[in-house]
Amino acid sequence: MNIDVDHVARLARLTLTGEEKARIGEQLAKILTYIDTLNRLDTEGVEPTTHAVPVVNVMRGDEAGPCLSPDEALANAPDRVDGFFRVPRIIED
């Protein structure tokens, strides 16, 4: 398998030494050889999956709870006006 490390490095905007090019060339060759091995596997009848093991949602339920008072919510606001956060204007006239 012929890999053009210079081309890949240029695409990635990397400057490599000769030693790095040789090492990366060997690593890329091994990776591509392994991918070729995987491509030859018979996957007929194998369902596509996103996870190797079942995944369960670990998030808590969305339930209403106590809220902050307006004064608590604005306690650390650097600038507030009439009970609201004041932010820089981003839309011009």
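Since every read-out is calculated from the coordinates, none of them should be taken as a lab result. If you're wondering where the values come from, they're calculated on a predicted model, not measured in any experiment. Glycine gets a Cβ as well: all are built from the backbone with ideal geometry, and neighbour counts include every protein chain shown.
Couple of notes before you dig in:
- Net length available on complete extension from Val58 to Arg10 is 13.1 nm, with 0.36 nm assigned per residue and the Cα-Cα distance removed.
- Electrostatic dipole magnitude of the chain [Cβ: Lys, Arg +1; Asp, Glu -1; Cα centre; debye, to 20]: 380 debye
- Residue among Glu44, Glu19, Glu72 with the largest mean-square fluctuation in a Gaussian network model of the chain, springs linking Cα atoms under 10 Å: Glu72
- Extension gain (nm, one decimal) between Thr37 and Glu19, 0.36 nm per residue minus Cα-Cα: 3.7 nm
- Matching label, Kirkwood radius over Cα pairs in Å computed from the structure shown, candidates (i) 21.0; (ii) 14.3; (iii) 13.1: (i)
- The C-alpha atoms of the chain define a longest principal axis, and helix 18-39 lies at about 90 degrees to it.
- Neighbour net charge for Leu14 - beta-carbon separation under 12 angstrom, K R +1, D E -1: +1
- Loop-resident trypsin sites (Lys or Arg not before Pro) (DSSP state other than H, G, I, E or B) in the chain with no more than 12 further Cβ atoms inside 10 Å of their Cβ: Arg13, Arg40, Arg60, Arg86, Arg89.
- By the helix-only formula, in which each DSSP H run with n ≥ 4 contributes -39500 (n - 2.57) and the sum is divided by residues, the chain has a 222 nm mean residue ellipticity of -10500 deg cm²/dmol.
- Among Val55, Val81, Val46: highest mean-square fluctuation, GNM of the chain, C-alpha pairs under 10 Å: Val81
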